[in-house]
1. Going by a ≥ b ≥ c, the root eigenvalues of the Cα gyration tensor, does segment 303-443 fall in the rounded group (a/c under 1.5), the prolate group (a/b larger than b/c) or the oblate group?
2. For segment 324-395, count all C-alpha to C-alpha pairs, find those more than 16 Å apart, and express that count as a whole percent of the total.
3. With every protein chain present, what accessible area does HIS370 have (1.4 Å probe, heavy atoms only), rounded to the nearest 10 Å²?
4. When the convex hull of the C-alpha atoms of segment 21-126 is computed, what volume per residue in Å³ does it have?
5. State, as an integer percentage, the relative contact order of segment 303-416 based on alpha-carbon contacts under 8 Å between residues 6 or more apart.
6. How far is helix 161-174 tilted, in degrees, relative to the longest principal axis of the Cα atoms in the chain, given as a value from 0 to 90 rounded to the nearest 10?
7. Measure of size requested: the Rg and Dmax of segment 270-330, with Cα atoms as the atom set and Å as the unit; please supply both.
8. Please compute the length gained on full extension between LEU350 and SER320, using 0.36 nm multiplied by the number of residues separating them and subtracting their Cα-Cα distance.
Amino acid sequence: MTETRLFSRRCFFEGDIQPGTVYIRNGKILKIVEEEKAPAGATDLGDAVLMPGCIDAHVHINEPGRTEWEGFDTATRAAAAGGSTSLVDMPLNSTPVTIDNASLQQKLAASEGKLHVHVGFYGGLVPGNANQMDALAQGGVLGIKAFLTHSGIEDFPNATIEDLEAAMPMLAKLKLPLLVHCELDEPGTTEALEADPRSYRAYLASRPKEWENRAVQQMIDLCRKYRCHVHIVHVSSAEALPLIKAAKKEGLPLTAETCPQYLLFNAEDIPDGQTQYKCAPPIRERENNELLKEALCEGVLDFITTDHSPAPPGTKELESGNLLRAWGGIAGLQFLLPASWTALRDTLSLEQFIPLITEAPARFLRLEHHKGFLLPGYDADLVAWLPEAPVRIGAAAVQHKHKISPYIDHALFGRVQQTWVAGEAQLAPAAPAKPTGTWLLRK
């Protein structure tokens, strides 16, 4: 029976960073021993921080049906290269979208044998499918996703109030979280963008904070009414933070996430015509984004995800720079760890930062009994990285299907040295030829 031993002078366990050795056997953590030197037979990782692998709870992989945008092979290779060992795939933009058990089974079949990291799945709530919630739960989804505005594709229409009210009592009973894209749109905001479709300021004005604020308040009201766990995805408006804070103080079952793009980039610095920065909601102003960082410090926002949403060059309108027509999504799966840390390294200590991409998403996904922590008996999903090391990840090192991302060649901190999935070493930036990931299906 082979045993792997990993020693680091900076091993993160029990909320602290200290020298120690992680003993691994059969894909599980056997024990963690606090010791100052590497024992015989151990791999000495030196000053690299050894910690649980990152968990990205918001990813669009797009297979089956749009594998030319991204697929399970490239997406999970990118995750492994960036230090993420588990992720959860959204019900769109695959074809078919995952809105019933049949489409979930197609998603599972499409992913089989292609997973370089562990992958879970969300189901979707669209008009008329509230009666599918139980079947999706039985199929093992980790949550249900809904949009309150146009999703970007016609086969995943936004949920209405009636759809939400039909589904939320069932989701509360099933103890499944409802993940919500919170924007309540209204006409008349795209006139400036139509006049100048390359203008980032016009794009920003086309999706104002008020859309997000009103949608967040609506979901808080429904959360109070039905006591269904509501999770607000990719919070970008700092004006919504007091609403979320008050709901949590009230004791409502409400959680919220934000993304690296809303922490690292600022609207003032985004050039016109650079469609790789387009996402929805948009990247907002520096003052706004500083408040998002504070909200992570205070626990108003619970964790960080990428909302990885890639697209081919033509769909992303790279040549035209047309922000009106360009796909609204950022490819960021490989960059969760370094981009988040770069944005927050002056705000949070390592001990405060690490749980935001490990423990907190594990708890949200109800995986905290075997993932997200370095503890005996837990899955040996680990990453070793150097937080102080500057890094520029060039296109050649990017594992995504398309080398399109605002993070490419951006000055970052945090070089990933190695990841381990179920105890199997993966040499960054490339995952091994043999996939070692498994499905994360809720029991």
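The values are calculated or read from the model by the stated rules, or taken from the named source; none is laboratory data. All of these numbers come straight from a predicted model, not from anything done at the bench. Positions of Cβ are backbone-derived with ideal geometry, glycine not excepted, and every protein chain shown enters the neighbour counts. Areas reflect the complete protein model, heavy atoms only, side chains present, ligands, DNA and RNA absent. Shrake-Rupley method; radii C 1.70, N 1.55, O 1.52, S 1.80 Å.
1. Cα axes put segment 303-443 in the prolate bin.
2. In whole percent, the share of Cα-Cα pairs in segment 324-395 beyond 16 Å is 60.
3. 60
4. Hull volume over Cα atoms, normalised by residue count, gives 127 Å³.
5. 30
6. 30
7. 13.9, 41
8. Additional length available on full extension: 6.7 nm.
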